[in-house]
There are 4 protein chains.
Amino acid sequence: MIVMKEGATEEEIAHVIERVEQVGCSAHVSKGELLTVIGAIGDRDKDQQLSLEGTPGVDHIVPIAKPYKLASRQFKDGADSVLEIGGRKVGGANFALMAGPCTVENRDQMLASAKSVAEAGATMLRGGAYKPRTSPYSFQGLGREGLRLLAEAKEETGLPIVTELLDLRDLDDVLDVADVIQIGARNMQNYSLLAEIGKSGRPALLKRGLSATVEELLMASEYILKEGNENVMLCERGIRTYETAYRFTLDLLAVPALKEQTHLPVIVDPSHAPGRRDWVESMSLAAVAAGADGIIVEVHNDPDKAICDAAQQVPTSDFRALSSKVESIAAVVGKTVSRA
Amino acid sequence: MIVMKEGATEEEIAHVIERVEQVGCSAHVSKGELLTVIGAIGDRDKDQQLSLEGTPGVDHIVPIAKPYKLASRQFKDGADSVLEIGGRKVGGANFALMAGPCTVENRDQMLASAKSVAEAGATMLRGGAYKPRTSPYSFQGLGREGLRLLAEAKEETGLPIVTELLDLRDLDDVLDVADVIQIGARNMQNYSLLAEIGKSGRPALLKRGLSATVEELLMASEYILKEGNENVMLCERGIRTYETAYRFTLDLLAVPALKEQTHLPVIVDPSHAPGRRDWVESMSLAAVAAGADGIIVEVHNDPDKAICDAAQQVPTSDFRALSSKVESIAAVVGKTVSRA
Amino acid sequence: MIVMKEGATEEEIAHVIERVEQVGCSAHVSKGELLTVIGAIGDRDKDQQLSLEGTPGVDHIVPIAKPYKLASRQFKDGADSVLEIGGRKVGGANFALMAGPCTVENRDQMLASAKSVAEAGATMLRGGAYKPRTSPYSFQGLGREGLRLLAEAKEETGLPIVTELLDLRDLDDVLDVADVIQIGARNMQNYSLLAEIGKSGRPALLKRGLSATVEELLMASEYILKEGNENVMLCERGIRTYETAYRFTLDLLAVPALKEQTHLPVIVDPSHAPGRRDWVESMSLAAVAAGADGIIVEVHNDPDKAICDAAQQVPTSDFRALSSKVESIAAVVGKTVSRA
Amino acid sequence: MIVMKEGATEEEIAHVIERVEQVGCSAHVSKGELLTVIGAIGDRDKDQQLSLEGTPGVDHIVPIAKPYKLASRQFKDGADSVLEIGGRKVGGANFALMAGPCTVENRDQMLASAKSVAEAGATMLRGGAYKPRTSPYSFQGLGREGLRLLAEAKEETGLPIVTELLDLRDLDDVLDVADVIQIGARNMQNYSLLAEIGKSGRPALLKRGLSATVEELLMASEYILKEGNENVMLCERGIRTYETAYRFTLDLLAVPALKEQTHLPVIVDPSHAPGRRDWVESMSLAAVAAGADGIIVEVHNDPDKAICDAAQQVPTSDFRALSSKVESIAAVVGKTVSRA
């Protein structure tokens, strides 16, 4: 949709129409009292070649068609996708309560945390073996040893495992253990990573980049879906704003906005935005009330001794109360925590 | 707290210490392995005169002391302020459900909306007689006639009135009717308005500016409190971010962050950020779950015919269900809707 | 322009058309392969009443017509407004170099600073008698005494005076002295202030709010222009973003973007965004190169002793070099500093 | 630096000191009138394990030490790094004028564009063989064929080649041709990519992520520098803000801010932020005036027919004038365009 300036000349309008037709679109002209609007009707890729911003007489361009297809709610005729992961459902009326430590640190920590969250009602177990760190001098995760401990924790608790993949060269190792592959915020637009996870067919939890729009998150999911992998969950985890009173601004409006546009389940990470554990319950409950299909919470058996993100990990001793309130609020909004 | 650069010279350090002492502060020097940090101890106003950013050898300045006093939780020894407005309490375990139309349009609309929200459980009635409009060509509110209709609606329903003041010249008229004077986001830093409302002693609902920090909101409240008016409620209403899928990003993390710093009640406006009514319930419930002390919702008896903000006003027919879910979630987080 | 969802039903489309016609607009329907777009043609105020966001079948709304009229470049048939202030021109090929201290502090400081900037080539003198302060406990300006000193500085140097008005109750006092009334960023949407300055007819320098869009700045100027006052300059002064390495992010792209849309001169304030004097020259020169019609720089005869914003005030001793580079770069982009 | 709350108890203070000492730091306590500040002195990694946010009595944490080392200006004792690339210098008083098309499209386009920019005074040639695209359905670049055409253009013009690497699997192919490997904004935190480019030793142009802070950009460069590759240039290319009048907000304050902190050259990309060619000259000149060490401009021999980003590519016919103004402004700020 090309909006012409007030006072655009007939030549300028004719030139734009010519450009529209050159790329194989048809031009649909509406003349209003003040200004003329030209619709370019054709497929999206053709539109994109137009690039008419700044052309004489053109005021601005408004893209109309959604750039994503497979992720759109229309693609499923308005229905919700319901994923099944290790016997737990996610989506529709099914709520997922994912919990576990930020990082796998050692056997005792991992197993103690895993058992506690399982007993308190978690439906999946999270834990990082590979950690993206801002500093090259920080602890980068236990790697394969971490994956091995996650496998052991899964055996003990029966909980499906959610763990992050950072580097394609570790894909096979991660596929040996992960029920859900997490794609971190910094990799949301790492397209080769997305495509390979798409090809693997393994369920994916795709985190929103820290300044990604709702539409860009959907576009990124399209890279996975396009390879035939329909098992994608989207995850709001806080965006970057001017506010410095917390690490990120948790954007819960993204929950209804995403659910309107897509059939994919929407998960919320209530831990990273506050960056401190005493605000995690508040954001967990708000996420449930906002209509999320699940939350993924950092829980640690002894957070004061955690190697990374100690401040934001909820102690296992507090997680039972949180889990119970999550269930109560889920009930108010018509959802049930889905257990095996 | 002045952080010197690595490699700052002794002369540069001595010069900073001299400047600190010149303004009447005492300098407290900590030398670490890599760098030196100089604390300027004294009262805040003296610190502010320092302005050492960019001085040779200085890396950056970190303000330490809070710039607000009366709004701080310490000022009430950690307790919550509980306001009493027309027999309804706000704060502590008391939840306020404020509802009503965006704008007073005419007698029928105002009375019909007022009665409906009263019956559905609202505890206060909102309605605008003066409207801040981005365009000078838009409807600017009914003014005094609007205030008169609010008075009539109050008489009919018994609900206390929340209404906005835009211009000091209308203060006396607004004081005739308002139980709570609303200060809109665009006026959060209109200091003469804040001071006069402070002097009036009337309860105030101070909305966060659309790019104000949590700290700036508290500073603005200080302008009211300083005049001896303790009846201030703060209101999160969405901040401006890069996301264009909604009008504003509702920042619910501000709720626990504010409640940690201040004794004042924290209200959430769930209507303006979505800008469309089908997302208002989701944000209302999320606000309750996040720990807000109240919400202020736009509700209209026939929103499709509303003069302004039609899209975001919830029809009175849907408000009863919303009100009932609000009560259920309030109970989960230990609060009760406070009625007369 | 109402964009319907893919898969919107015929009923939904018919309902939207009905709503468009109800408010007195005519509906212009374009059916594409995937989706239908409905143009509402009529005057802007009617469109605004539509508020169809969230209506069944509606995906989103795209406003097309500009909401401002008098500020638009079309209103002057594409020409630039050239203001004449105390014999200096601003706009077109004429560049304004406004300089002076942040705040009027005392007679010696004001006169010394004024003479220095005059000798170094400034074309107008700035200085604040009323200061908007985040904290109610900070120095709020000398008030009338400050205005008196500005008058004296004008008499000495012949430079026109730029000074800020904060509160309508001080309008007459400010009009006695000011050649240009500055409206600060926090008051950009203080509509009663804008309207009264509009009525006064005095040239106005309207600063962009710290999270105002280019369009909102133009809308705010419309409040002044609408009262018959054509002497408006717009001022970019830095916007609020996530970056904390400086106080604000100076948005120099606003310069060509504004100049495309409006005939009004565009000024840049290079002092507040850096917040420290050693980056002010860099931003001053960048503003000139970007095509600004003027800059307004904080310059102080002894900045280390300044009462407020000491860090960002350039010493008069450095201002001559800055002024000379400004002239050189102005010449490269086809402008001349306009002196009496 | 741990800032305790006003009113923190002695027990709370003692507990924090104990935690600081447990991780191997020493605690340095400053008691002010209102509050206590505890400095944790030790190496940065130890500090990070502390994670005391939200601990009882703690108000907030202020990191003091810079997290980067090799990128810091102190590391070079305050000097500027001057890179030498194919006989052209970048850094110090040497300015780099990089230009060329967004994407390599075909032989004619590439060679025509290359010759034109060379004749007009460009010092390096840019062109993309691999393109990061938001949509999986968009053109992804010519790949190896694009690299081959770049090699041919280099042979014809003698200009060093700047081209982007997206996927580690293409590293060897890119190393065959590139004099400078560009790392795009979306990959700024793709740590395995950074480390491998570090190991390659090839000069790198690292673009700032679209919501990365100045500090995060420096941290990302550290991943390259740490592998022994000192040839890193940083590139400001516009950040994401709330403003929608342009694609990104070009943040020219990042230029002096980066140059204060690092010895590495700072380049500006003036093309992506405007997203339209008629604003590129304005931003190019502003970048030079702001003190950048180079700019990288998209220039195309026939931009209306460009496959991607057509709107923002400057026609070669306009580039000569731009190049000439760049030289004039560079001279004003003490720099010279460095040619072979």
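Every number in this text was worked out from the coordinates using simple rules, so none of it is lab data. What you see is a predicted model, and the numbers here were worked out from it, not measured in a lab. Using ideal geometry, Cβ is built from the backbone for each residue, glycine included, and neighbour counts are taken over all protein chains shown.
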inquiry  = Taking each residue in B:56-63, count the Cβ atoms of any other chain within 10 Å of its Cβ, then average. What number comes out?
reply    = 3
request  = Count the DSSP beta bridges whose two residues both fall in the stretch D:73-337, then state the antiparallel fraction as a percent rounded to the nearest 5.
outcome  = 15 percent
query = How do A:Y246, A:Y223, C:Y191 line up, fewest other C-beta atoms within 10 Å first?
reply = C:Y191, A:Y246, A:Y223
query = So what does log10 I(q)/I(0) come out to for chain B at q = 0.08, 0.09, 0.11 Å⁻¹, using the Debye formula with one equal point on every Cα and no solvent?
reply = -0.44, -0.53, -0.72
key: Among the listed pairs A:K5/B:K131; A:K131/B:K5; D:K131/D:K325; D:K76/D:K259; D:K89/D:K305, those beyond 22 Å (Cα-Cα)   = A:K5/B:K131; A:K131/B:K5; D:K131/D:K325; D:K89/D:K305
Point-to-point label distance, B:A340-C:A93, nm (Cα→Cβ direction, 7 Å offset) = 7.3 nm
key: Mean ellipticity per residue at 222 nm, deg cm²/dmol - from DSSP H runs of n ≥ 4 across the protein assembly as shown, formula -39500 (n - 2.57)   = -10000 deg cm²/dmol
key: At R0 = 45 Å, FRET efficiency that the Cβ-Cβ distance of C:A151 and D:K305 yields, to 0.05   = 0.15
request  = Beta carbons within 10 angstrom, averaged per residue: use that to sort the peptides D:130-138, A:25-33, highest first.
outcome  = D:130-138, A:25-33
remark   = If C:S72, A:S338 are placed from fewest to most neighbouring beta carbons inside 10 Å, the sequence is C:S72, A:S338
ask   = By how many degrees, between 0 and 90 and to the nearest 10, does the Cα long axis of helix C:10-22 differ from the longest principal axis of chain C?
value = 50 degrees
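What's the exposure ranking of A:D269, C:D318, going from fewest to most Cβ atoms within 10 Å?
On the way: A:D269 29, C:D318 16.
Listed from fewest to most nearby Cβ atoms, that is C:D318, A:D269.
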query = Once the other residues with Cβ under 9 Å from the Cβ of D:L35 are scored (Lys, Arg +1; Asp, Glu -1), what is the net sum?
reply = 0
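With a ≥ b ≥ c the root eigenvalues of the C-alpha gyration tensor of the protein assembly as shown, is it rounded (a/c under 1.5), prolate (a/b larger than b/c) or oblate?
Here the protein assembly as shown falls in the rounded category.
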request  = Give me a single rounded figure for C:272-285: the average over its residues of other chain Cβ atoms within 10 Å of their Cβ.
outcome  = 6
task = Any chance you could check the Cα centroid distance between the stretch D:50-70 and the stretch B:310-340 for me, in angstrom?
result = 40 Å
Pseudo-label separations to other copies for A:E18 - Cα-to-Cβ vector, 7 Å, nm = 4.6, 7.2, 8.2
ask   = Normalised by the number of residues in chain C, what is the relative contact order in percent for Cα pairs under 8 Å and 6+ residues apart?
value = 17 percent
Inter-copy separations for A:G78, label at 7 Å along Cα-Cβ, nm, ascending = 5.1, 5.5, 7.2
ask   = Average partner chain C-beta neighbours within 10 Å, per residue of A:179-187?
value = 2
ask   = If you take every DSSP beta bridge whose two residues both sit in the protein assembly as shown, what share of them, in percent to the nearest 5, is antiparallel?
value = 40 percent
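Would you mind estimating how fast the stretch C:18-99 diffuses translationally, via Stokes-Einstein at 4 °C and 1.567 mPa s with the Kirkwood radius over Cα pairs, in µm²/s?
Translational diffusion coefficient: 79 µm²/s.
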ask   = So how tilted is helix A:214-225 from the main axis of chain A? Cα-based, degrees 0 to 90, rounded to 10.
value = 70 degrees
query = With axes computed from alpha carbons, what is the tilt in degrees of helix B:191-200 against the longest principal axis of chain B, rounded to the nearest 10 within 0 to 90?
reply = 60 degrees
task = Within the stretch D:270-340, report the trypsin sites (Lys or Arg not before Pro) that DSSP leaves as loop and that have at most 14 other Cβ atoms within 10 Å.
result = D:R339
